Amino acid sequence: MGSSWPSRERKALMLDPKRIREDADGVKAGARKKRIPVETLVDRFLELDEKRRALGFERDEQKAKQNRAGKDMARLQGEEREKLRKAMAEVSARAKSLENELSAIETEIQVLLLRIPNVPDPEVPEGETDRDNVEILRVGEPRKFDFQPKDHIQLGESLDLVDFPRAAKLAGSRTYILKNEGALLELAVLHYTLDAVVKKGFTPMIVPTLVRREPLVGTAYFPGGEEQAYTCEKDELFLVGTSEVPVTAFHSDEILDEAELPKLYAGYSTCYRREAGAAGKDTKGLYRIHQFNKVEQVVICRGDEAESRRMHQFILSNAEAILQGLQLPYRVVNVCGGDLGAPQIQKFDIETWMPSRGGYGETHSASRFYDYQARRLNLRYRDSNGKVRFCHTLNNTAIASPRILIAILENYQQADGSVTIPEVLRPYLGGRSEIRRKK
RNA sequence: GGAGAGGUGGCUGAGUGGCCGAAAGCGCCGCAUUGCUAAUGCGGUGUAUGGGCAAAACCUGUACCUCGGGUUCGAAUCCCGACCUCUCCGCCA
């Protein structure tokens with residue numbers, strides 16, 4: 001696939017090649033922590049990297065010879081000229097064959113680099129799956145019901161907020177239709193969230209959800225995540241699973257000024273996920289669905305670890321503030337190595353209390369990448385010394401709906417089957433305070 | 001969908017085979033000058049990668065004029081292909 005990758009992708013790196021060269025063991029150990037096997041990839045890279053430099057040196061020498069001769073050719077006449085021409089024909093052929101050899105090696109190196117994962121932070125706990133994630137914070141008390149609480153499906157259907165059977169008729173599994181206050185509630189919670197992050201300084205952006213391949217490679221969803229994305233083959237376009245993709249890629253191939261950093265963007269978009277490989281998991285209701293809407297915080301900041309950590313805390317606290325505003329109980333977990341994606345340095349998930357699960361369900365995910373995505377996106381800035389450096393990127397959910405509606409409906413339900421509307425959402429619903437079955 | 005035009009540095013825009021990493025202007029930086037501002041003069045001002053080197057500075061090789069391929073001793077310049085952008089017409093939320 002992809003007969004016409006632009007040069008940006010060709011050059012796309014992931015980890016700094018220098019770093020792999022100098023700390024191959026560290027890179028391997030990092031991948032091991034993520035349970036991603038890369039030993040042979042790294043070794044192969046080191047081997048090719050060595051070769052590349054040797055060949056490159058020789059190639060440059062031939063080229064230099066060529067360039068010097070070119071200047072003489074312009075002056076010389078007759079026999080002398082002819083003699084030089086013949087000599088240069090050989091040099092030229094030599095340079096060309098080196099060039100071919102080299103470009104084969106470079107192509108292979110690129111493929112390898114795209115597959116070597118980012119090295120996780122030492123703070124990332126060891127572990128295999130999400131069960132090994134470490135809770136670091138718990139906020140709010142799960143509500144104790146003095147009646148038999150319903151789950152969001154029962155609530156949604158009895159209040160006529162959702163329609164699953166007809167959604168299945170139209171669009172198959174893992175789909176839903178929101179109607180009445182269900183539709184309004186979704187818009188309200190998205191709008192409330194967007195307003196909240198804009199107040200924190202984020203620039204709201206409504207972005208394309210159907211994108212080219214490059215932003216997906218740049219944000220490191222590809223290669224590897226192809227199965228998770230809906231594809232429009234005729235147009236070679238892909239539906240994004242999150243606005244992180246178009247928003248983080250927004251400044252790709254640019255050199256920003258340090259003074260304009262950090263860039264804070266709030267991407268709003270519909271998100272599409274095939275949920276391949278999740279067969280049989282969370283098949284009912286609004287939890288795991290193919291299409292949803294999300295407000296996403298995206299940060300592009302200086303290539304500085306301390307700054308990146310600060311920003312990580314910042315976006316995490318913004319998401320927490322949104323849940324606190326909704327008065328939903330949640331906890332924050334430090335995601336373990338095995339549950340971490342290839343590009344991430346560290347990830348905190350926020351899980352919101354969902355009574356029907358009898359536990360917390362993931363609703364937010366805050367990641368930092370250092371320069372991993374920025375390298376792939378060729379996203380740079382000029383620092384105060386005039387030096388060009390790669391940015392760092394981060395992102396975090398602000399709200400994703402309708403998943404969050406599960407928590408709202410279930411936590412706010414009343415004994416009589418009605419649902420109280422969270423106070424912060426009421427201004428977005430014409431001041432209404434409850435959802436009640438119509439006669 | 002039909003018909004055209006075009007892709008050059010931060011921007012505008014020259015350049016039709018070698019002396020072109022690329023004129024000129026704008027912008028930006030430095031210096032000079034001027035009560036301030038403005039104006040003017042001079043100089044500088046891309047990125048990547050390799051070498052000199054322990055490193056910064058600096059020097060230096062190579063590559064890059066959308067991308068890929070071809071012709072040629074030599075390509076921004078000629079040929080082929082792809083991608084992208086724009087204009088007009090049609091259709092359309």
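Points to keep in mind about this one:
- Test: residue in region A:241-248 that is out of contact with any helix residue (DSSP H, G or I) (no Cβ under 8 Å at 6 or more places or on another chain) and more than 17 Å from A:S365 (Cα to Cα): no
- Test result for A:Y428, open to solvent by 30 Å² or more (accessible area, probe 1.4 Å) and closer than 24 Å to A:K200 by Cα: yes
- In region A:247-261, the residues that are within 11 Å of RNA strand B (Cβ to nearest atom) reach residues that are assigned to a helix (DSSP H, G or I) with C-beta atoms within less than 7 angstrom, at least six apart or across chains, in these pairs: A:D253/A:R8.
- Qualifying residue in region A:136-156 (condition: of a type in the set (A, V, I, L, M, F, W, C), in contact with a Ser or Thr (Cβ under 8 Å, 6 or more places away or on another chain) and in a loop (DSSP other than H, G, I, E, B)): no
- Every condition in (1) within 16 Å of RNA strand B (Cβ to nearest atom); (2) open to solvent by 30 Å² or more (accessible area, probe 1.4 Å) holds for A:Y412 except the one numbered (1).
- Test: residue in region A:289-296 that is of a type outside the set (V, I, T), over 16 Å from A:T363 (Cα atoms) and surrounded by 21 or more Cβ atoms within 10 Å (Cβ to Cβ): no
- The sole residue among A:L286, A:L316 that is assigned by TED's automatic domain parsing to the domain that holds A:P422, hydrophobic (A, V, I, L, M, F, W, C) and assigned to a helix (DSSP H, G or I) is A:L316.
- Some residue of region A:273-283 being over 26 Å from A:Y428 (Cα atoms), crowded, with 20+ Cβ neighbours inside 10 Å, in contact (Cβ under 8 Å) with a residue 12 or more places away in the chain and in the same structural domain as A:T420 (by TED's automatic domain parsing): yes
- Residue identified as free of Cβ contacts under 8 Å to residues at least 60 places away in the same chain and surrounded by 13 or more Cβ atoms within 10 Å (Cβ to Cβ) among A:R53, A:R59: A:R59
- Of the residues making up region A:301-313, those that are in contact (Cβ under 8 Å) with a residue 24 or more places away in the chain and open to solvent by 10 Å² or more (accessible area, probe 1.4 Å) number 7.
- In the set (1) over 21 Å from A:P402 (Cα atoms); (2) open to solvent by 60 Å² or more (accessible area, probe 1.4 Å), A:K150 fails one condition alone, (1).
- Top-ranked residue in region A:230-253 [being outside any helix (DSSP H, G or I) and more than 27 Å from A:Y370 (Cα to Cα); ranked as modelled with the lowest pLDDT]: A:E236
- Given (1) in contact with a helix residue (DSSP H, G or I) (Cβ under 8 Å, 6 or more places away or on another chain); (2) more than 30 Å from A:L429 (Cα to Cα); (3) part of a loop (DSSP other than H, G, I, E, B), index of the condition A:T175 fails: (2)
- Exactly one residue out of A:E126, A:E90 is open to solvent by 60 Å² or more (accessible area, probe 1.4 Å), acidic (D, E) and in contact with a Gly (Cβ under 9 Å, 6 or more places away or on another chain): that is A:E126.
- Those helices (runs of 4 or more DSSP H) lying entirely in region A:10-89 with at least 1 residues more than 7 Å from RNA strand B (Cβ to nearest atom), small (G, A, S) and more than 30 Å from the chain's Cα centre (by Cα): A:39-75
- Failed criterion for A:L328 (all others in (1) under 28 Å from A:P223 (Cβ atoms); (2) open to solvent by less than 10 Å² (accessible area, probe 1.4 Å); (3) not small (G, A, S) hold): (1)
- Flag not set for A:G182, criterion: open to solvent by less than 30 Å² (accessible area, probe 1.4 Å), in contact with a Lys or Arg (Cβ under 6 Å, 6 or more places away or on another chain), in contact (Cβ under 8 Å) with a residue 60 or more places away in the chain and assigned by TED's automatic domain parsing to the domain that holds A:F250.
- Some residue of region A:90-102 being within 16 Å of RNA strand B (Cβ to nearest atom), of a type in the set (A, V, I, L, M, F, W, C) and over 30 Å from A:L76 (Cβ atoms): yes
The values are calculated or read from the model by the stated rules, or taken from the named source; none is laboratory data. Because the structure is predicted, anything quoted here is derived from the model rather than measured. Counting neighbours? That spans all protein chains shown, and the Cβs are built from the backbone with ideal geometry, glycine included. Just the protein is used for accessible areas: all its heavy atoms, side chains included, with ligands, DNA and RNA removed. Shrake-Rupley method; radii C 1.70, N 1.55, O 1.52, S 1.80 Å.
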